[in-house]
Each structure stands twice: as structure tokens, then as C-alpha cells.
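Take a look at the structure below.
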Amino acid sequence: MKKYFFTWMLVSTLAWAQCEISSGTNAPQENTRLYGIAYIFPVGLEGSPYLYDDWQDGKILLENGETAERVPIRFNRITNDLVFYNKELLKVFRADKATIHSFDFLDPDGKNRLFIKYTGEEVLYRLQKNDLIEVLHEGHISLYVKHFSEIIASNDLHARDKIHPSTFYFLKVGDQTVEVRKNIRSVFRYFPGNKKEIKKWLAQNQLTRRSEKSFTRLVEWMNTHPENFLFQP
């Protein structure tokens, strides 16, 4: 497998790719280096492995504190990888997770989507250290979602294997993380003493119990007075 060193122009070949891009400001600053390895596109599958098929202009925050802006990115749900495109080389690379802190982009609806590298305790096989997950709300009580796709083998020899997308939701309180369903009833399990007031708040705000939007708004509300909600994992 060929691997490259580049500064938006090919310089030499090394074990990991290195990309220098503009900081996106008018002030003279050193370019930001991204590290990655040549990306192998998945083939022979029915469905898309990506969160969005189109390239999105992303901003990537690195572990060293540097920021790379206006980088064409995709998120591969199957492998949980950030993929970026180098326009000068006309090549696609898989970002080195060890160097990534977080990234964000505007989705086709104009909503800002923020992803972080998870560093908390693992939740079975669903959430592992260094997984890239989306932040729906962050506070004393945080709500995350992991976008995942699995490959379902076809029983038909003439048909392609199918990509099946899934989403897993997690609440993080302090240093404890638990999985929850996209159903507000699942919150009652971890906050049993607040069941009545949560139901009342939902009714007052005319929110459904099975939508991501309602779930996010609930966690935002709980964070206005987190001392009133006793977490029981």
C-alpha cells in the first residue's frame, strides 16, 4: 500500500501521510498538518457507508491544539473513520485518529454537527475508546450519538451485501456513561426520582417521546438545574 507525505503538494513517501493546509485566516500563521493513510473505498456493497455521500467542508481540531479549516471530509459509519480529500493530489486519506480531537461541519440542512473522540469508560461493544461520536448536548449531563453501519451478508449469490445504518445513544453524567434508547422513557430508568416532573415538562412543551429533537431538548432542560436530577446508573 502506498502512503504519502504532502503539503497539499507531493513531497516524498513516508509511513503516514502529512498534509499542510491554510489556517483559514488572513494572519500569517504556520499551516496545519493532517496525518492519514491512503483510503481504500468500499466496493460491492448496496447502500452508502457514509453519514453523507457528498463531501462536507469540515473544521478539524487536532490534539496538539491546531485547527484545519475548510477540509473536504466524509464520515465512514462502517469503520468509524474520518476521511478527508486532498485537492492538489486528487487523493483521499483516512485520518489518523490518534491526532484528532474533534471535527465539525454544516450538514445539508445548515445544522452544525460536532463530533468528538470519546475518551470515557467503554460501554460493552457499543462505545469504545477513541470512537468518533456526535455531541447532541454537552454539560453536566451529556447526550451523545454514535452513527454506525453494519454489513448484512446477502443470502443470494447474485446480490450484493447490504449496509444497514444504526444509531446508538448515550448519556454521560460525571465519569459514568450509559446507553439509552431514542425514547425518553429510557431516561426514567436512570432518573427514577424525576419521572413525574419529566412527564409534566414533556406535556407542557408538547414534545413526543421518541424523537432525537425531544431527547436533546430534555437533556438541555435537565442541565439548567442538574442538582435536581439524581443519576442512578
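Bear in mind that the values in this text are calculations on the coordinates, not laboratory data. As the structure is a prediction and not an experimental result, all values here were calculated from the model. Using ideal geometry, Cβ is built from the backbone for each residue, glycine included, and neighbour counts are taken over all protein chains shown.
Scanning segment 99-118 for residues that are within 18 Å of residue 137 (Cβ to Cβ) and β-branched (Val, Ile, Thr) yields a single hit, 116.
Where residues in segment 136-170 are aliphatic (A, V, I, L, M) and in contact with a His (Cβ under 9 Å, 6 or more places away or on another chain), which of them is nearest to residue 215 (Cα to Cα)? Ranking the candidates gives 143 first.
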